[in-house]
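Structure first, commentary second.
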Amino acid sequence: MTGLSKRSLNRNTKGISTLCDLGHCSVRSSDDTHIRETAFVYAITAAGVTHTVTQACSMGELLQCGCEATRSRAPPRPASSSTTTSGEGVKWEWGGCGDDVEFGYEKSKQFMDAKRKKGKSDIRTLIDLHNNEAGRLVAVRNYMRTECKCHGLSGSCTLRTCWKKMPHFREVGDRLLESFNGASKVMGGNDGKTLIPVGQNIKPPDKQDLIYSAESPDFCSPNRKTGSLGTRGRMCNSTAMDVSGCDLLCCERGYRDETVVFEENCLCRFHWCCVVQCKKCSVRKELSLCH
């Protein structure tokens, strides 16, 4: 599992089916158990495939793809050419190396959805396919941003070159964590092809919502059936009063403070265009770990 998904999940409640300690995660779920934690795992995996493939295209690591094709219009209003003049008289054009998210999106669908679509069309398949798509949409495809670089004499910005970039994967995890907290419980419709929200006066989930069909079990103690490692050794925040706090995550067993050495990115430099390269540095950190 990616470091991002570890960080996202470690900030959440004790009820998580993907439990991470200092370097290991357990990801195990029965096909019959579609809890909200399973929804998160499917969504962030689909988002991760989209993000990784798209990034590899931009870096020139794949022969089948490259940078996004030059656009013929500019937000927020259409233009007849790829060069536009803003209200302030600054010209700009599409250029650089934009991220071809459509290629990554399609490859993620092929990789994540193909096996499910070949099987039976039951509630489990519908839920998995929905959460895969939610991961691709809410985390990556629908949140592309425009980055620009100024060109001109003496630091002026007479021309800007702009390109489309994906959100950082940390943002992807944070956004999916919000979706996890607001996930909708559903059940299968009588036709076997639709999903219906459980409860009265609840709107049907849209394409960007995470969905699940079963309540989460208690993850405080190890459980071979669910694949839970329990929360013993789990990192927590000793000063927080929210869901990341030790009082909640440690299930009232208490916690200990420990010094751990991590490797982190450092001395990062920007290289044209448009890559940030970093070195690895050892950093000592004080952590709080559940008993």
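The values are calculated or read from the model by the stated rules, or taken from the named source; none is laboratory data. All of these numbers come straight from a predicted model, not from anything done at the bench. Glycine also receives a Cβ, built like all others from the backbone with ideal geometry; neighbour counts cover every protein chain displayed.
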Any residue at all in region 242-252 that's of a type in the set (A, V, I, L, M, F, W, C), under 28 Å from residue 135 (Cβ atoms) and free of Cβ contacts under 8 Å to residues at least 24 places away in the same chain? no
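Would you call residue 170 closer than 22 Å to residue 58 by Cβ and either surrounded by fewer than 16 Cβ atoms within 10 Å (Cβ to Cβ) or not hydrophobic (A, V, I, L, M, F, W, C) (or both)?
The answer is yes for residue 170.
Collect the residues in region 251-283 that are part of a loop (DSSP other than H, G, I, E, B) and under 30 Å from residue 98 (Cβ atoms), keeping them in residue-number order. Let's see the steps before the verdict.
At the first step, the residues of region 251-283 found to be part of a loop (DSSP other than H, G, I, E, B) are 251-254, 272-274.
272, 273, 274 - these are the residues of region 251-283 that are part of a loop (DSSP other than H, G, I, E, B) and under 30 Å from residue 98 (Cβ atoms).
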Top-ranked residue in region 142-167 [being without any contact (Cβ under 8 Å) to a residue 40 or more places away in the chain and within 21 Å of residue 132 (Cβ to Cβ); ranked as surrounded by the most Cβ atoms within 10 Å (Cβ to Cβ)]: 167
Against the definition (closer than 18 Å to residue 110 by Cβ, at pLDDT 50 or above, assigned to a helix (DSSP H, G or I) and not basic (Lys, Arg)), how does residue 41 come out, yes or no? no
Within region 239-262, identify whether any single residue is exposed (fewer than 11 other Cβ atoms within 10 Å of the Cβ), within 25 Å of residue 55 (Cβ to Cβ) and not hydrophobic (A, V, I, L, M, F, W, C), and answer yes or no. no
Number of positions in region 57-74 that are under 14 Å from residue 102 (Cα atoms), assigned to a loop (DSSP other than H, G, I, E, B) and at pLDDT 70 or above: 5
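Mind telling me which of the residues 237, 265, 223 ends up being closer than 30 Å to residue 66 by Cα and of a type outside the set (A, V, I, L, M, F, W, C)? Let's see the steps before the verdict.
On the way: 237 fails: closer than 30 Å to residue 66 by Cα; 223 fails: closer than 30 Å to residue 66 by Cα.
Every option except 265 fails the conditions.
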Can you name the number of the only condition in (1) in contact with a Ser or Thr (Cβ under 9 Å, 6 or more places away or on another chain); (2) free of Cβ contacts under 8 Å to residues at least 12 places away in the same chain that residue 223 fails? (1)
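Could you tell me which residue of region 264-279 is farthest from residue 60 (Cα to Cα), considering only residues that are surrounded by fewer than 10 Cβ atoms within 10 Å (Cβ to Cβ) and within 26 Å of the chain's Cα centre (by Cα)?
The first filter runs over region 264-279 and keeps only residues surrounded by fewer than 10 Cβ atoms within 10 Å (Cβ to Cβ), leaving 267-272, 276.
Among the residues that remain, those that are also within 26 Å of the chain's Cα centre (by Cα) are: 267-271, 276.
Details: 267: 24, 268: 21, 269: 19, 270: 17, 271: 15, 276: 15 Å.
Per the stated criteria, the residue is 267.
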